[in-house]
Structures are given as structure tokens and as C-alpha cells.
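One structure is given here, and the rest of the page talks about it.
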Amino acid sequence: MKDRNHLADIAMSRNVDIIENGLIDIPMLQILQPDGTIHKESTVPDLSKEKANKILETMHFIRVLDERMVAAQRQGRISFYLACTGEEASIIGSAAALEPQDMIMSQYREQGALAYRGYTTAQFMDQMFSNENDPNKGRQMPIHYGDKALNFMTISSPLGTQIPQASGYAYGQKMAGQSAITICYFGEGAASEGDFHAGLNMAAVLNCPAIFFCRNNGYAISTPSEEQFAGDGIASRGIGYGVKTIRVDGNDTLAVYAATQKAREIALEKNCPVLIEAMTYRLAAHSTSDDPSGYRSKDEEERWRQKDPVARFEKWLDSKGWFNQAEVKSYIEDTRQSVLKEVKRAEKVPICKIDELIEDVYDVPPWHLQQQLFDLKAHIAKYPDAYPKTSGRITHD
Amino acid sequence: MIKMNMLQAVNNALITAMEADERAMVFGEDVGHFGGVFRATSNLQEKFGRDRCFNTPLTEQGILGFANGLASQGSIPIAEIQFSDYIFPAFDQIVNETSKWRYRSGGQFSCGTLTIRTPYGGGIAGGHYHSQSPEAFFAHIPGMKIVIPRNPYQAKGLLLASIRDDNPVLFMEPKRLYRASVGEVPEEDYELALGKAEVVKQGTDITLLAWGAQMEIIEKAAEMAEKEGISCEIIDLRSLLPWDADTICESVIKTGRLLVNHEAPLTGGFASEIAATVQDRCFLHLESPISRVCGLDTPYPLAHEKEYMPDHLKTYEAIKRSVNF
């Protein structure tokens, strides 16, 4: 396929040939087969023992985190949680192929990428308990992480908004002469938003070094992908926008890693976007507010459980002699203990003082916000019992 | 000082900003080689290259999404929305992203370097979709600043201040003044303070408040009223968010009367916000009800544009009603 505007030469056809099935069916890269063996025609990406174990460790960290935090939500300790079970290979495998200076703009299910970058258990908890240690100052719901030091852009709830933003961020990286790219994660449902189309088109036209990573996990809350789009998935759209594109088995860590590594290389060298569509499955509920039994069968879930990305990766590690069952078991147990300990710590940390309510709306709070805070403090002081989280720590200017 | 029209002043401000900081970039629909449909970005691409002044695809949500990302990265995006009537596909990016970026990240990231330029307002036979004044929608967004100039001198100084202000600014340009308003503009770099109204003319009987292209309307009405011995104080609000309530209230305490004029429809217009605050702060000083002379609550019409507009005659009548209350 060529880049072609309306003035370019276009081959003639003489028949009324309406294209019905597309010109190609996009294949899916798979390196690691479901049984954990390498496909005989595949090239294994260059992945060190150390990095492979960091990937596995992060996968287990996230499994524990997801399990414990769903439980914490059920116990009423946090208001909301969102697990990524089943999608660990897509998220962590891709994050592992990046460099620390690359910006991550995520949707909301990419806690694995953040953990891979080094976000600590304590940091996860401070955000989820909206306490005063949270760098976001307790202003957003649980799981809306952000960390400037780790180049992880603060998450926002509206879907797809990060897609054109990633184009802009990547353009800025290019203009600043940085050897860095932006990766943008989103789901196949978010790809229906106008921002997806705007963002991909702009990235292609304006030569932005970005990776658009679609986790096609089969469902947008309850809506299955066949009710989300017709056509050959999300990958086919990349081709329409003139974006270099690859589809990968999202439960195959090696395929995801290899594709992301190559995509990064192309994005940086050619100053262009690359679209990756990872075919995976959201084994978890959409969120703690969701019950998947209302829209999909246990059989279907079970079929995908058989394709568990973590087990598949472990089999490969084992075949390399890099897997130690006892060590993994003890890591999981240690992680459970540390998560529990941090839950107990973080839930006791107070929320920010009331003064923080008006900070960061602007660089400096303007008069009207100062006035509103002044009035609010006087009101809280009058009814301290009604506002117990802030009334004890009010200071009057 | 050079005589310039408002477009030339905007163009001059953009050149000044781009020369002063190489992180500054100008983009939008048709802003590249063509120089924008109004020519506000003429010669920028030739001067600064295609990387720093460029056309975007025709997608307002894309322009703002891209601009948000660019701003959060540390560049200085100056995005043009060709007509403010077409800004609405970008509303989500502005409401949920631009304005909340700093707050939601606890100050770790922000879109403070972003400036959105967009022509607004009627009087050019533009009908529904080339005439609207949507400022009130944006005045409801915590985190945004809104700035509107009334002449070329103001346009250059306020635009430079908007570009350099560490908050996202929506800079709305009264398009009917683009070529009609001509004045002396300094060649050098200068800024006018944001968030500050300007008392354009002192008076004692009534305060007339407007912004942008409606300033010349209230000035004309004031001239008529003066002939009848009514002394009008004239104020240009200049910034709608945050707005300078102190200057307005100080004036109202002196004159005892307030008239606010805007082109946008009456209901939910920014005059309502001003009236509410002024009655709260100046209740015992008011001699008459606060008067709003605004556009009608209809879509912006074409054939009846003249009738729709809150012109000098409607303003003059409202001044007399207020003074004779």
C-alpha cells in the first residue's frame, strides 16, 4: 500500500468491484505457543534472564495486588478497583520493551507497566487510599495513578482522550531532540471514540514517534467486540491511516515484547507511529462494580484461563532453566504480606489538609478560590463534627 | 509604534512569542503556508519552518488532544480553532483534560503552556455557525483562563501574556474587529496583565461593562447618553476567568448602576454571573436593577442579525431605563 493523496496515480479498474472482505486478513504474531514451547519458525527476541525474571516477578506482583485490592474493595476499605488479570503479558511484556525515558500514557488497566517501572507497593496504596502521601493529593478515584519521575502520565477516566495526547507528547519529544517515544495504551472499546481516529491520523500525518498499543481484550464492560466494530479488528484501521501496524498474540509475552521492541525502533528511527493490536482476554471483571456473569459464560472464561499468559511464560522460563517454583512461591507470599502491611498503613494516613482543595486548579489560586476556601473553612469550623476528616487540622490565615 | 489592524497585531504577537522561545509552536486548520483563513498566521511557516507552524488534519478534538499532550511535555502549543463555532468537538479535551491536568496530577504535570486562539462573534453575516460567542461555556470550567481583547494594542499585549501565563488560556478574538480595528501597536515585546479589567473612561452615573467587539457598542451608547447629561463609566472586562470583580464593584459602588452588554444569548450568559456577584457585594449601593443587554435566546440568525445584536440603541435605551428607574 502506498501513501496516496487524491492527485496521485491510481490504478484503473473496469468493473464495479465493491471490496467486500478487505484486501488482507491481518495475521497474528505468535512466538510462544500455548504449551510454552517456541514455534519452530520463530525467532526468540533478545531477552536476558534478568529481564525475563523481572517480567515474571511483575506479573506475580500484579496478580497479588489485583487479588488483594479486589478483596479490599469488597471489605469496603477502598471505593473502587480494576484488575488486569489475563492481560499481564500484553501490559508488562510491552512495558519491558521500552526505555525509562519513554512516556507511558495509559488507559487505566496498565498497573503492570507502572509496577515494571518501579512504582512501589506503598505508592500504589497511598494513591488508592487517597491519602496525603498520594502525589495526586487524593483527587482521583483509586487506580488513577501518575508519576512524573517514572514518566507515567496521570490517568484520566474519559476513554481515548490519551490517544491524540500521545501524538502531541511524542511530537514534543521529537522537537526537543529526545531519544524517547510515547506509548499509548487503550482498549478496543476506546478505539470507537473519535479521539482514536483523530489521534492516529494526526500521529501519521505529523510524523509522531509513538506506539499505539491496543489491548483487544474482547469486552468493553459488557459489550463484546462483535458489537463494538465490524471489520478486521483495530489493526485494519492503522493501515487505513497509513500507520505501520502489527497484530500480536497478547497472551504471548515474547510476541508482545518482540513487537514492541521493533515498534520502538521504527518509531524512533523513522519518526512515525506504530500500532500494535494485542489479542487478549479480560479474565477479570471490568471493575469491582461489574459482574461478568451477566454477559459471558463460564465456559468462555475457562477456555481463556487455559491460555493464561503467566503460566505460558513460566513454561518457557522453565525450559530455559530460569524458573524456580519455590522462589516464585515465596515471592508471592512475601508480596501478599507487604501488600497487607501497606494497606493497613495507608488507610491510617490522613487525607490532605483542606487548603489543598484549591491548589493546582491554577498555578496560583485566584481571588475567587481563595474566597471560597476562606468561607468553607469558617463553615467547617462551625460544624466540625460534620467534616471530621478535615476539621481537626484547619489553620486560619 | 506601528499602525496595525487586529490581525496584524495577533500575527506580530505570534512572531514575537516564537522568536523568544523555540518551544513555541502554532498549528491548526489551514494555519501553515496559507496563513489561516483570516491570515492571522501569515508567514509563520516561512519564518519558523514546517515543524513549528503547521496544518493539522480537520479535527478539533484532535487539535486539542494533540495540544494537551504537547503542553504536558513542556512545549508551548498555540492552537488555533478556525471558528469558535467549531470548538465543540474539542469540548471534552478542554473540559476534562486541559483544565484538570494540573489538578488531577497534584501539580506533577500541567497544560499551563497551552493557548487556544479562536475567532468569535457576529456582525460578519456568518449565520449560525460563524457568529457565536461561546465564552460562557468555558467560563464554567475551573482551571481555564479566558481572555478577550478589544483592539490591536490589547490583542498583542494580552496574547503574549496568555502564551506566557502558566495556565491554559482560551484567547477569543472578536473577528468583526480583525480588519476594522486599527491602532498604534508597539513593535517591542510587551504584556498586559491577565485577570485585570480596564476602566476605559471615568464616569459617575452608571457603569457600562463589556468585552471584545461590544466595547465600541457601549462607547457609542455612552456618547448618546452623555448628550443627555448621563455620565457613563466604561469598563473593558478583558479577562472573563478569573474576572476582576474588585474593579467592577469599586465602580458600581461609585456610580450605583451597572449595565453589562454581551453578544452571547442572555440566559446563562456571563452577564448573569457578573450581576449575581455585584448584587452580592454592592447590594446597598445599587440605585437600580443591574441591566443585561445581550443577544437573544435564539440561535444566531442571519437575516435578522441586526435585530438580534445588542447594539448601541438597545444599550442607550437600557441606560436611560436604569438612570430613570
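Quick note: the coordinates plus some simple rules give every number you see, no bench work behind them. Remember, predicted model here, so these are calculated numbers, not experimental data. Every residue, glycine among them, receives a Cβ derived from its backbone with ideal geometry; neighbour counts consider all protein chains shown.
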Given charges at Cβ of Lys, Arg, Asp, Glu: the protein assembly as shown dipole, positive-most of A:ALA346, A:TYR281, A:MET105: A:ALA346
Inter-site label distance for A:ASP334 and A:PHE80 at 7 Å from Cα along Cβ, in nm: 3.4
Range of Cα positions in the protein assembly as shown per principal axis (Å), largest first: 97, 78, 47
Angle between chain A longest axis and helix A:162-175 axis [Cα atoms, degrees, rounded to 10]: 80
Counting DSSP beta bridges with both ends in the protein assembly as shown, the antiparallel % (nearest 5): 20
Gain on full stretching of the segment that runs from B:LYS314 to B:LEU284 - 0.36 nm per residue minus C-alpha separation: 8.1 nm
Chain B - charge dipole about Cα centre, Lys and Arg +1 at Cβ, Asp and Glu -1, debye rounded to 20: 140
Cα pair distances exceeding 15 angstrom across region A:82-176, given as percent: 62
Dipole magnitude (debye, nearest 20) for region B:9-91, charges at Cβ of Lys, Arg, Asp, Glu: 120
Chymotrypsin sites (Phe, Trp or Tyr not before Pro) lying in DSSP loop within region A:180-246, provided at most 12 other Cβ fall within 10 Å: none
Neighbour count of at most 12 Cβ within 10 Å plus DSSP loop: longest GluC sites (Glu not before Pro)-free window in chain A: A:42-397
Fluctuation leader among A:ILE380, A:ILE62, A:ILE221 - chain A, Gaussian network, Cα springs under 10 angstrom: A:ILE380
Close Lys-Lys pairs in region A:252-397, where close means Cα under 28 Å and separation is 8 or more or interchain: 25
Net dipole in debye of the protein assembly as shown [+1 Lys, Arg Cβ; -1 Asp, Glu Cβ; about Cα centre; nearest 20]: 780
Kirkwood hydrodynamic radius (C-alpha pairs) into Stokes-Einstein, region A:1-153, 4 °C and 1.567 mPa s, D in µm²/s: 68
For region B:1-108, with +1 on Lys and Arg beta carbons and -1 on Asp and Glu, the positive-most of B:PHE38, B:ALA67, B:PHE88 along the dipole: B:ALA67
Under 21 Å from B:LYS196, Cα to Cα: lysines that are on another chain or at least 8 residues apart: B:LYS145, B:LYS156, B:LYS254
Region B:7-147: C-alpha gyration tensor shape, a/c 1.5 cut-off, then a/b vs b/c: oblate
Loop GluC sites (Glu not before Pro), region B:1-31 (other Cβ atoms within 10 Å of the site Cβ: 14 or fewer; DSSP): B:GLU22
Degrees separating the helix B:214-227 axis from the principal Cα axis of chain B, which is the longest one: 20
Formal net charge of residues neighbouring A:PRO384 (Cβ-Cβ distance under 13 Å; K, R +1; D, E -1): +3
Placed amide H near A:ILE78: partners under 5 Å, 5+ positions off or other chain: A:GLN73
For chain A, alpha-carbon Rg relative to the globular expectation (2.2 N^0.38 Å, N residues): 1.09
Rounded to 5, the percent of DSSP beta bridges in chain B classed as antiparallel: 20
Shape of region B:162-226, Cα gyration tensor, a/c cut at 1.5: prolate
Cα-based shape type of chain B, given that a ≥ b ≥ c are square roots of the gyration tensor eigenvalues and the cut on a/c is 1.5: prolate
Solvent-free Debye scattering, log10 I(q)/I(0), computed from the Cα coordinates of region A:136-239 at q = 0.16, 0.17, 0.21, 0.22 Å⁻¹: -0.76, -0.84, -1.14, -1.20
MRE, 222 nm, helices only [DSSP H, n ≥ 4, -39500 (n - 2.57), over chain B, to nearest 500]: -10000 deg cm²/dmol
Beta bridges per DSSP with both ends in region B:133-265, % antiparallel, nearest 5: 30
Within chain A, helix-based [θ] at 222 nm, where runs of 4 or more DSSP H residues each add -39,500 (n - 2.57), nearest 500: -12500 deg cm²/dmol
All lysines inside 22 Å of B:LYS306 as judged from Cα atoms, apart from same-chain residues fewer than 8 positions distant: B:LYS175, B:LYS220, B:LYS314, B:LYS320
Neighbour cut-off at most 14 other Cβ (10 Å), DSSP loop, trypsin sites (Lys or Arg not before Pro), region A:9-110: A:ARG14, A:LYS40
Selected from A:ILE143, A:THR161, A:SER130, residue furthest toward positive end of dipole (region A:116-164; charges at beta carbon): A:THR161
Neighbourhood charge, 9 Å Cβ-Cβ cut-off, centred on A:THR154 and excluding it, Lys, Arg +1 and Asp, Glu -1: +1
